[in-house]
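The values are calculated or read from the model by the stated rules, or taken from the named source; none is laboratory data. Just so it is clear, the model here is predicted, and its values are computed rather than measured. Reconstructed Cβ throughout: ideal geometry from the backbone, glycine too, with neighbour counts over all protein chains shown.
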Amino acid sequence: MASQEIETLASALARLPGLGPRSARRAVLWLVKRRDNALDPLINALVAVRDRLVECETCSNVDTQNPCGICADPRRDQKSICVVEDVSDLWALDRAKLFTGRYHVLGGKLSAMDGVRPEDLNIAALLGRVADGGIDEIVLAMNATLEGQTTAHYIAERLEEFPIRITQLAHGLPVGGELDYLDEGTLAQALRARRPVD
Ligand SMILES: [Zn+2]
């Protein structure tokens, strides 16, 4: 029987995406056997993340600075904003290194089933950024799911009053595909072939 401490750690790890109770226990054992070269670095990394990560007030990216490194970078195209559902999508797109503008993270997608309404998402802040002026293009990079596309259409409608170009990722994206899981080539292709919202 494992100690209370090990049980506590295992059940905390078991809540991580992709880990179940069994693999969490295996991870705990693996870690305690490697105190110096795995457990301590993990503890230090967790503490650094807890102490230093903040949400960017402009785009809601997560970074160690606010505004985040992307928003603060003067070499970035200030005229285009790529709208994504989650921070993981922003990171996936930015790894593909094709989009040179800045981002806006919604914090989810519209969902009747989960009761997510427009006011639950970071949409008002996006409209505010566009209303402030200086924006030429909004790229809607929602996932190729029904809810993602519903969200994209809703935002496109809300942006109609502004004299800007509204595009969305080309759907060579697999249907039901989550950006986060796509390889960089596929993402880059979807971004390069982006098209006006219909
Ligand atoms: Zn930012």
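For segment 128-138, how many residues meet the condition of being away from the ligand (no atom under 15 Å from the Cβ) and either in contact (Cβ under 8 Å) with a residue 24 or more places away in the chain or part of a helix (DSSP H, G or I) (or both)?
The number of residues fulfilling the criteria is 6.
Looking at segment 46-81 only, could you name the residues that are near the ligand (Cβ under 10 Å from one of its atoms), within 24 Å of Lys97 (Cβ to Cβ) and either in a helix (DSSP H, G or I) or out of contact with any strand residue (DSSP E or B) (no Cβ under 9 Å at 6 or more places or on another chain) (or both)?
Pro67, Gly69, Ile70, Cys71, Ala72
For every residue, the table says whether it meets (1) exposed (fewer than 14 other Cβ atoms within 10 Å of the Cβ); (2) at pLDDT 95 or above; (3) over 19 Å from Asp180 (Cα atoms).
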| position | (1), (2), (3) |
| --- | --- |
| Arg50 | yes, no, yes |
| Glu57 | yes, yes, yes |
| Ile81 | no, yes, no |
| Leu93 | no, no, no |
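Residue under question is Glu7, and the condition is that it be surrounded by 13 or more Cβ atoms within 10 Å (Cβ to Cβ), more than 16 Å from the ligand (Cβ to nearest atom) and of a type in the set (Asp, Glu); does it hold?
Against the criterion (surrounded by 13 or more Cβ atoms within 10 Å (Cβ to Cβ), more than 16 Å from the ligand (Cβ to nearest atom) and of a type in the set (Asp, Glu)), Glu7 qualifies.
Condition check ((1) out of contact with any Lys or Arg (no Cβ under 7 Å at 6 or more places or on another chain); (2) under 22 Å from His153 (Cβ atoms); (3) within 16 Å of the ligand (Cβ to nearest atom)) across all residues:
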residue	(1), (2), (3)
Asp89	yes, yes, yes
Leu93	yes, yes, yes
Ala96	yes, no, no
Gly107	yes, yes, yes
Ser111	yes, yes, no
Pro118	yes, yes, no
Asn122	yes, yes, yes
Leu126	yes, yes, yes
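Tell me, please, whether a residue that is in a loop (DSSP other than H, G, I, E, B) and near the ligand (Cβ under 10 Å from one of its atoms) can be found in segment 29-45.
No, segment 29-45 contains no residue that is in a loop (DSSP other than H, G, I, E, B) and near the ligand (Cβ under 10 Å from one of its atoms).
Can you confirm whether Tyr103 is modelled with pLDDT of 90 or more and surrounded by fewer than 20 Cβ atoms within 10 Å (Cβ to Cβ)?
So Tyr103 does not fit the description; no.
Among the residues of segment 135-155, what is the count of those that are crowded, with 18+ Cβ neighbours inside 10 Å and more than 20 Å from Tyr181 (Cα to Cα)?
3
Considering each of Val197, Val87 in turn, give the residue that is touching a strand residue (DSSP E or B) at 6+ places or on another chain (Cβ under 7 Å), surrounded by fewer than 22 Cβ atoms within 10 Å (Cβ to Cβ) and under 29 Å from Leu53 (Cβ atoms).
Answer to the selection: Val87.
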